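J.: Okay, handing you the structure first.
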Amino acid sequence: MRRLLTILGAAIVLRVVAGIVAEYPGYLPTPDFRTEFLAGREDTFDVGGYRVAFVAHLLAGPPTLLLGLLLAVPALRQRAPHWHARLGRLVVALALLVVAPSGLVMARHPLPSLSAPERAVAGLGFATLAFLTGVSATLGFVAARRRRFADHERWMMRLLALLVSAVVLRVIGGATSLLLPDAPWSYAANAWASWLLPLVAVEAWHRAAYRKPITADRTSPEGCRPPA
């Protein structure tokens, strides 16, 4: 059942990421403000570095997420540990230097059509997501450098959960617009739920996993569960 759920989750992520990439012509090289995401952003798109942050986030987000999913595959760590380490450093660099900073800039300009209070709550939700993304990437990298592989695994799984928020946001947003099209504060609620739900799921998984008897030394690469 766990393997089936993993495959199903990966399929959903790949489907949503493919949909995001398919929308690139509406964003690059010239933004089309008739697209769903950019609708109503004409007046704020060139304010406060939003354009640069948007393009950086758009280009770095999908590959960072897909590489994170690849690094979660146990076979890669076991059969190609050097590639796992190289790709892991790339994921950390993208998350820390591109995804998190661009997310912070974009968080300052949520959907313009929202009321001021809802914009503030939504912006805080996205800013918190960006901050935690940077923290998780940093602490995961530091733990690996110190060969604290159990801690490395936990932080990188948290990072993957935060990266998956982009997919969860689209899924929740689509369901909300279909079932509750006029629900107040739905955008702000989704801004928080999109990363809180996967993060809580990861923490619950860690609690359940670490209650099981330990049969290997978790301070070594062989003894830790596969890091993301």
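J.: So if I check each of SER194, SER186, which one is hydroxyl-bearing (Ser, Thr, Tyr) and in contact (Cβ under 8 Å) with a residue 60 or more places away in the chain?
T.: SER194
J.: Take the conditions modelled with pLDDT of 95 or more and farther than 20 Å from HIS206 by Cβ and apply them to ALA137. Does it pass? Give the steps one after another, and end with the answer.
T.: Details: modelled with pLDDT of 95 or more: yes; farther than 20 Å from HIS206 by Cβ: no.
No.
J.: Filter the stretch 44-78 down to the residues that are of a type in the set (Gly, Ala, Ser) and assigned to a helix (DSSP H, G or I) and list them by number.
T.: If the condition is that a residue be of a type in the set (Gly, Ala, Ser) and assigned to a helix (DSSP H, G or I), then ALA53, ALA56, ALA60, GLY61, GLY68, ALA75 are the ones that fit.
J.: Scan the stretch 63-83 for residues that are surrounded by 14 or more Cβ atoms within 10 Å (Cβ to Cβ), in contact (Cβ under 8 Å) with a residue 60 or more places away in the chain and either under 17 Å from ALA11 (Cα atoms) or more than 22 Å from the chain's Cα centre (by Cα) (or both) and report the count.
T.: 7
J.: Quick one: what pairs do we get from the stretch 42-55, first residue of a type in the set (Phe, Trp, Tyr), second outside any loop (DSSP other than H, G, I, E, B), C-beta under 6 Å, 6+ apart or different chains?
T.: Within 6 Å, the pairs are PHE45/ARG51.
J.: Would you pick out the residues in the stretch 158-189 that are in contact with a Phe, Trp or Tyr (Cβ under 7 Å, 6 or more places away or on another chain) and within 17 Å of ARG15 (Cβ to Cβ)?
T.: Hit for the stretch 158-189 is SER165, nothing else.
J.: Go through the stretch 38-47 and count every residue that is farther than 12 Å from LEU111 by Cβ and surrounded by 13 or more Cβ atoms within 10 Å (Cβ to Cβ).
T.: Residues that pass the stated criteria total 1.
J.: Which numbered condition trips up ALA193, out of (1) crowded, with 17+ Cβ neighbours inside 10 Å; (2) under 23 Å from ARG89 (Cα atoms)?
T.: The number of the failed condition is (2).
J.: Moving to a separate point now. Please go through the stretch 18-35 and give me each residue that is surrounded by 15 or more Cβ atoms within 10 Å (Cβ to Cβ) and either assigned to a loop (DSSP other than H, G, I, E, B) or among the small types (Gly, Ala, Ser) (or both), ordered by number.
T.: Residues of the stretch 18-35 surrounded by 15 or more Cβ atoms within 10 Å (Cβ to Cβ): 20, 23, 26-27, 31.
Passing the criteria: GLU23, GLY26, TYR27, PRO31.
J.: Now for a different question. The conditions are (1) under 19 Å from the mean Cα position of the chain (by Cα); (2) farther than 25 Å from PHE141 by Cα; (3) at pLDDT 90 or above, and ALA11 fails exactly one of them. Which is it?
T.: Checking ALA11 against (1) under 19 Å from the mean Cα position of the chain (by Cα); (2) farther than 25 Å from PHE141 by Cα; (3) at pLDDT 90 or above, the one that fails is (3).
The values are calculated or read from the model by the stated rules, or taken from the named source; none is laboratory data. Note that the coordinates shown come from a computational prediction; the quantities given were computed from them, not determined experimentally. As a convention, Cβ positions derive from the backbone with ideal geometry for all residues, glycine included, and neighbour counts pool all protein chains shown.
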